[in-house]
1. Is it true that SER527 is touching a residue at least 60 places away in the same chain (Cβ under 8 Å) and either closer than 25 Å to LEU84 by Cα or acidic (Asp, Glu) (or both)?
2. What do you reckon, is MET257 in a helix (DSSP H, G or I), farther than 18 Å from ILE186 by Cβ and either without any contact (Cβ under 8 Å) to a residue 24 or more places away in the chain or aromatic (Phe, Trp, Tyr) (or both)?
3. Can you name the number of the only condition in (1) closer than 24 Å to MET102 by Cα; (2) β-branched (Val, Ile, Thr); (3) in contact with a Leu (Cβ under 8 Å, 6 or more places away or on another chain) that ILE227 fails?
4. Among all residue pairs at least 6 apart or on different chains, which show Cβ distances below 9 Å where the first residue, located in region 114-129, is assigned to a loop (DSSP other than H, G, I, E, B) and the second is among the aromatic types (Phe, Trp, Tyr)?
5. Run ASN548 past the list (1) outside any helix (DSSP H, G or I); (2) in contact with a strand residue (DSSP E or B) (Cβ under 8 Å, 6 or more places away or on another chain); (3) in contact (Cβ under 8 Å) with a residue 24 or more places away in the chain; (4) not basic (Lys, Arg) and report the number of the one that doesn't hold.
6. Out of ALA163, ALA155, ALA151, report the one residue that is crowded, with 24+ Cβ neighbours inside 10 Å and touching a residue at least 60 places away in the same chain (Cβ under 8 Å).
7. Going through region 46-69 one residue at a time, which ones are in contact (Cβ under 8 Å) with a residue 40 or more places away in the chain and not in a loop (DSSP other than H, G, I, E, B)?
8. State the number of residues belonging to region 304-320 that are of a type in the set (Phe, Trp, Tyr) and in contact (Cβ under 8 Å) with a residue 60 or more places away in the chain.
Amino acid sequence: MGKRVATKARNVRTAPEGRSKAPEELKSKWGLSRWAKVASGVGALILFLTIYLLRLDKVVGMIVDDAWYVLLAKGLAIGKGYTLINSPSPGIVPFYPPAFPMLLSLVYRLSPDFPSNVWLLKSISIAAMLGVGLVAFYYFFRDRRLPFYLALGIAVATIFYPALVFLATSTVMSECVFTLVLLSTIVVIDQVVRVEPRSHAWRYALLGGALASVAFLTRSVALALIIAAMLYLLKERLIRAAVIFGAVVVLFVAPWMLYAGRHAPTAEQRVEQSGNIVQSYAAQFWQKKAGQPMLGTITIDDLPERVWTNGSEIIRYDLGSIAFYPLFRPPEPGLAMRIDKEARGLSLVLSLLALIGWVSLIRERMTVAEITVPLSLLITVAWGWEQFRLLLPLVPFLIFYLLMGIRVIYRLYHRLYGVSKPQAEWALLTIIVWSMGVVSVYNNLSYILKKHVPTPDYSLLWTPAFEENEAVMRYVHATLPKSEVIATQNPALLHLYTGHQTIASDDPAGSWETWNRLGVRYLVRTSAYRLPDPDAAESQYKIIYRSNGILNLRVIDLGLPGSRPVWGAVKAPALSKQ
């Protein structure tokens with residue numbers, strides 16, 4: 001008898017909010033049949049495949065980071081290890097976490113012919129987004145006990161979110177895979193608390209630790225997830241599970257941390273390769289803009305201003321774009337967009353609603369997600385980078401908190417003016433989230449139509465920009481001797497296309513002695529956006545190729561190291577004789 005009472009008490013402690021209402025009662029409210037559920041799922045899958053396949057393109061490396069991911073994957077696939085195979089000096093280990101390049105390397109082994117394998121490399125992110133949809137639906141329907149169509153709506157709004165679709169189909173970035181691992185880890189950690197019998201909890205703690213480790217080895221911001229999971233398990237007094245989770249994380253993460261510390265690029269290697277690929281995260285943290293040391297650094301006294309600026313950016317723009325993407329973000333990256341004061345005010349309201357929703361869930365019952373999200377935001381606002389891209393893995397949770405904030409306002413209104421009807425409440429939230437999904441689908445369809453518009457003035461700029469860069473790289477491949485070391489804005493992508501050894505060209509004046517030592521003769525100006533005309537320093541040298549397009553890309557012959565003028569040492573014009 002005592003044993004049954006203890007078990008019952010434990011079940012009460014671990015039961016999530018509203019558990020008794022779902023799924024049986026909610027099924028009767030919505031009149032759902034098995035065929036309706038199957039039809040909804042199949043319809044979402046067909047729409048997913050249609051949009052993702054139509055948006056899929058041949059573009060790769062335009063964000064620069066994704067070119068590094070592919071290059072590191074190639075190094076692993078061809079047996080040169082996790083090193084910068086483009087560098088003149090072999091064996092330089094990057095600071096990027098290795099999980100995503102390792103995953104890409106598996107595909108690279110199957111299809112090593114670049115760039116013909118780009119579509120296969122992108123298939124990893126597309127499959128990850130399909131997984132995000134499935135896991136998100138499972139989490140919000142089974143764990144958070146939302147009605148079927150509301151949970152499905154959050155999943156649909158997430159997988160069709162235009163920025164995530166773009167990253168999956170027009171880049172080879174890690175965000176989509178990271179989002180899947182992050183969401184999966186939260187689902188598993190929640191199961192540690194919910195599982196019965198309790199003797200099985202260690203299995204979920206073990207799996208959760210492994211998934212959290214993969215998340216950290218994909219993107220270091222997952223430190224927030226690891227801390228949140230530990231705090232959550234300790235809050236629930238699951239000491240044994242917390243110890244198992246922590247031990248697994250240490251077992252998986254420590255070897256990489258020790259290896260990366262022992263093989264960190266030397267000062268000479270950092271000078272040679274330059275660029276953010278050889279800069280530690282600690283160094284990048286104190287730069288005004290991470291990865292761009294030429295812009296200067298900040299001190300600890302500047303951190304409050306950075307946090308305030310980044311936080312304001314999230315509140316005034318980014319939370320608004322979660323619900324109304326076209327009002328706050330351009331259809332493709334790099335385009336300028338004017339955001340009216342009214343839109344900024346809307347974003348502020350939506351931010352307040354999301355905060356209210358988060359607080360309401362904290363009051364009902366805190367889960368690991370409610371700890372992970374604020375800790376992740378704390379890390380992102382302290383980082384010197386555009387906040388929007390850093391928020392993308394949190395999209396399903398931000399949508400959820402926004403809906404829960406609207407639920408609070410709805411209940412408050414009916415408490416003051418009438419009797420609240422749960423069925424009407426869920427119907428309202430379902431309409432809202434599916435409206436968000438429709439807006440995202442419409443935005444994707446508009447992108448697809450614009451992609452196929454024959455008139456240049458109305459078509460996309462992203463694909464033509466890549467083709468213009470690709471033409472420059474093919475010229476280099478066909479013209480310049482393979483023995484030449486080349487300086488360029490995109491070292492990884494140029495190496496992948498040409499096989500040349502490459503270094504970053506961010507600071508020609510500061511790198512001039514290194515370029516002379518390495519025998520760098522050619523400077524290749526690549527960019528995703530239009531470059532300015534050559535300045536006085538660059539005008540000293542001969543342009544041997546200029547792109548036929550709007551980006552003003554060019555290949556510059558600097559001359560032989562022993563006889564060329566020093567970069568920036570421009571002679572003053574001679575005075576005319578009177």
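1. no
2. Yes; evaluated as a whole, the condition is true for this residue.
3. Tallying (1) closer than 24 Å to MET102 by Cα; (2) β-branched (Val, Ile, Thr); (3) in contact with a Leu (Cβ under 8 Å, 6 or more places away or on another chain), ILE227 fails exactly one: (1).
4. Cβ pairs passing all conditions: PHE114/TYR108; PHE114/TYR497; PRO115/TYR497; ASN117/TYR108.
5. (2)
6. Step by step, each of ALA163, ALA155, ALA151 is checked, and only ALA155 is crowded, with 24+ Cβ neighbours inside 10 Å and touching a residue at least 60 places away in the same chain (Cβ under 8 Å).
7. Once the filter is applied, which keeps residues that are in contact (Cβ under 8 Å) with a residue 40 or more places away in the chain and not in a loop (DSSP other than H, G, I, E, B), region 46-69 yields LEU47, PHE48, ILE51, TYR52, LEU54, ARG55, ASP65, ASP66, ALA67, TRP68, TYR69.
8. 1
The values are calculated or read from the model by the stated rules, or taken from the named source; none is laboratory data. Quantities reported herein were computed from a predicted structural model and do not represent experimental measurements. With ideal geometry, Cβ positions are generated from the backbone for all residues, glycine too; neighbour counts draw on all protein chains shown.
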